[in-house]
Amino acid sequence: MRRWAVPSRIIGRLPDARHGEDRETRGVTTTGPLQDGVAGTGVGGGGAGYAVEPTRPTPLVRTDFRHLLPITTRWMDNDVYGHVNNVVYYSYFDTVVNRYLIERGVLDIHRGTVIGLVVETGCHFFAPLAFPETVHAGLRVTRLGTSSVRYEVALFGGESTLAAAQGHFVHVYVDRESRRPTALPSPLRAALQALSA
């Protein structure tokens with residue numbers, strides 16, 4: 001297998017020299033060129049030109065996390081397919097992160113001078129979750145910068161030890177008024193360090 005890079009402006013297929021596009025910026029594993037007119041899996045599942053084999057992580061386990069929060073699913077969380085809809089997973093991510101910060105007194109959502117803005121999220125799904133089961137959200141910090149933090153969150157259904165879904169969530173902390181990045185206040189940094197993986 002070869003590693004090719006994909007500029008983020010390309011959606012649906014890997015860049016190709018035939019179209020004047022370079023092959024630098026972001027790594028993607030490919031199986032090589034396909035015949036013209038033959039659709040490969042491409043970036044996002046529908047491109048032509050190269051078949052892409054996405055790398056898939058293995059599910060994390062509960063013991064990978066120092067903090068777990070039980071979250072009660074709601075009837076409205078299920079979609080027509082009988083499981084929790086994918087967009088709801090992100091609300092669970094928000095819930096575990098912000099509740100942790102609020103309960104430790106390091107986030108005042110109404111009057112705090114420093115707030116966290118989400119700049120990146122991602123999620124891998126392994127097994128369905130469904131109402132009425134309880135979801136346990138595991139939270140840890142994998143990177144702590146001057147003004148940013150990368151959280152990893154895993155969602156466990158019922159008493160399962162393997163994650164049904166896992167993802168990441170990046171906050172950049174900014175001044176509430178100017179919206180300019182600011183250094184993490186000491187109490188916030190200490191609360192986040194307690195979650196460091």
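The numbers here are math on the coordinates, done by the rules we state, and not lab data. Owing to the predicted nature of the structure, the values given are computational and were not obtained by experimental measurement. Glycine also receives a Cβ, built like all others from the backbone with ideal geometry; neighbour counts cover every protein chain displayed.
Could you please report the charge total around Leu60, scoring K, R as +1 and D, E as -1 over all other residues with beta-carbon less than 14 angstrom from its beta-carbon?
Charge balance near Leu60 sits at +2.
5 Å is the cut-off here: which amide hydrogens, built 1.01 Å from N in the peptide plane, fall below it relative to Ala164, excluding neighbours closer than 5 in sequence?
Leu155, Phe156, Gly157
Rounded if a/c is under 1.5, else prolate if a/b beats b/c, else oblate: with a ≥ b ≥ c from the C-alpha gyration tensor eigenvalues square-rooted, which is region 119-161?
Prolate shape, in that a/c is at least 1.5 and a/b is the bigger ratio.
Is region 62-193 best put as rounded, prolate or oblate by its Cα gyration tensor, with a ≥ b ≥ c the root eigenvalues, rounded for a/c under 1.5, and otherwise prolate when a/b is larger than b/c, oblate when not?
On the way: a/c = 2.19, a/b = 1.87, b/c = 1.17.
Cα axes put region 62-193 in the prolate bin.
Pop a pseudo-label 7 angstrom from the Cα along the beta-carbon direction at both Arg111 and Thr58 and give the gap in nm to one decimal.
In this crude spin-label approximation the distance works out to 4.9 nm.
Tell me, how many Å apart are the Cα centres for region 158-172 and for region 98-136?
11 Å
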